[in-house]
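Below is one structure, written out as structure tokens; the observations come after it.
The values are calculated or read from the model by the stated rules, or taken from the named source; none is laboratory data. Since this is a predicted model, take the numbers as computed values, not measurements. Neighbour counts are summed over all protein chains in view; Cβ atoms, including those assigned to glycine, are modelled from backbone coordinates with ideal geometry.
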Amino acid sequence: MKEKYLDFKTNDNYELINEPANVIKNGGLVLFPTETVYGIGANGLDENAIKKIFIAKGRPQDNPLILHISDMDMLDIIADEISELEYKLMDTFWPGPFTIILKKKVIVPSTVTAGLDTVAVRMPSNKIAHELINQAGVPIAAPSANISGKPSGTNVEDIFDELRDRVDYIIDGGDCEIGLESTVVRVVEGKPHILRPGKITKELIEQVAESVEVDSHVMNELKDGEVVMSPGMKHRHYAPNTKCVLVYSENNEKLIEKIKEMASRYSNPLILSTTENKNKYTVENIIDIGSKNNLEEISKNIFTDLRKVDSYNADIVIIEGVSTDGLGLAIMNRLIRACEYNFIKC
Ligand code: TXA
Ligand code: MG
């Protein structure tokens with residue numbers, strides 16, 4: 001086994017983080033937990049270390065990384081021309097699942113930002129992540145822990161085989177609390193734009209800024225030649241190999257009828273159903289994604305559920321959608337991409 005493994009599920013001696021922190025300082029890669037998803041971290045100011053992340057994930061060069069910081073002094077090193085509203089947003093949502101796009105300083109390698117003049121910054125609240133950044137003493141560049149295109153890793157078991165030979169060190173902190181990646185926001189002409197929805201919802205941001213815009217690509221497929229505010233929107237993500245379709249209706253009876261009718265057209269359908277509806281379907285293969293009245297539960301498990309899908313050898317995967325209110329928007333954004341925009345609203 002190439003990598004070293006530190007079990008933080010049964011242990012909370014933060015002094016032990018010194019070892020992976022040294023791996024970061026020496027240009028290596030560390031798989032570590034955050035409150036959102038696991039990350040593959042490297043020294044965010046070390047060009048060569050950053051290149052290793054792109055290789056480990058098979059990540060397209062044009063998709064920039066988030067720099068993770070542990071205090072506001074680190075922000076000063078990497079970002080410039082910060083407005084009052086941007087400070088207010090960071091003040092309100094940090095530490096936590098919130099990423100903000102800011103003007104970058106020269107010190108930030110262009111490999112991190114994929115040549116853009118902006119840098120994505122986040123201060124995680126997870127204690128292990130905080131200690132790792134703090135003890136490394138540098139901003140840590142970290143994309144979600146998954147081979148590019150696959151669902152993000154929210155526990156070590158899901159990604160161990162996929163990534164064990166691609167990183168130098170693994171910190172196992174158990175299940176991630178949230179299970180979906182951070183909300184990504186860019187302030188344009190005084191108005192926050194949500195580029196990727198997450199646990200920090202539009203409704204929460206509206207309590208800080210007068211009006212908030214959700215980028216149209218959060219729920220709509222990119223058209224040929226369209227320019228996007230966030231390169232991540234361009235790339236295929238979360239999709240299993242089996243064909244998936246997302247179905248939603250505000251009317252629950254209609255939703256069930258539609259899914260039943262679709263399932264009847266296939267010989268081996270798999271349904272990803274909310275807990276409330278799962279007994280309504282007569283198909284053999286059902287994955288319970290959690291209660292529609294508990295979106296936290298759905299968000300926490302959805303990537304693990306999506307990773308199971310291909311093992312059913314189904315000829316269709318039908319996924320029940322949820323309302324896009326609150327955290328529902330983040331869930332639906334991941335699901336619509338898992339279904340490659342194959343979405344039926346009825
Ligand atoms: O919760 C998270 O954000 C996790 C954990 C590990 O912190 N990280 C994560 O990183 O999801 P990643 O690389 O998988 O997603 C970063 C997203 C991508 O969609 C990328 O295109 C966007 O942020 N992004 C990064 N820098 C950007 C920039 N300068 N402008 C616009 N979008 C940017
Ligand atoms: Mg990712």
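In the set (1) part of a helix (DSSP H, G or I); (2) surrounded by fewer than 20 Cβ atoms within 10 Å (Cβ to Cβ), Val283 fails one condition alone, (1). Residues of segment 230-251 that are within 16 Å of ligand 1 (Cβ to nearest atom) and at negative phi: Ser230, Pro231, Gly232, Met233, Lys234, His235, Arg236, His237, Ala239.
Could you check how many residues of segment 294-322 are in a loop (DSSP other than H, G, I, E, B) and in contact (Cβ under 8 Å) with a residue 12 or more places away in the chain? Steps first, please.
First pass over segment 294-322, keeping only residues in a loop (DSSP other than H, G, I, E, B): 294, 313-315, 321-322.
Now narrow it down to the ones that are in contact (Cβ under 8 Å) with a residue 12 or more places away in the chain: 313-315, 321-322.
Residues that pass the stated criteria total 5.
Residue by residue through segment 1-23, note down the ones that are surrounded by 15 or more Cβ atoms within 10 Å (Cβ to Cβ) and over 22 Å from the mean Cα position of the chain (by Cα).
The answer is Glu3, Lys4, Leu6, Tyr14, Leu16, Ile17, Pro20, Ala21, Val23.
Considering only residues in segment 228-260 that are modelled with pLDDT of 95 or more, outside any strand (DSSP E or B) and of a type in the set (A, V, I, L, M), the one that is surrounded by the most Cβ atoms within 10 Å (Cβ to Cβ) turns out to be Ile259.
When the residues of segment 149-168 are filtered to those that are surrounded by fewer than 22 Cβ atoms within 10 Å (Cβ to Cβ) and farther than 19 Å from Ile302 by Cα, the one that is nearest to ligand 1 (Cβ to nearest atom) is Arg166.
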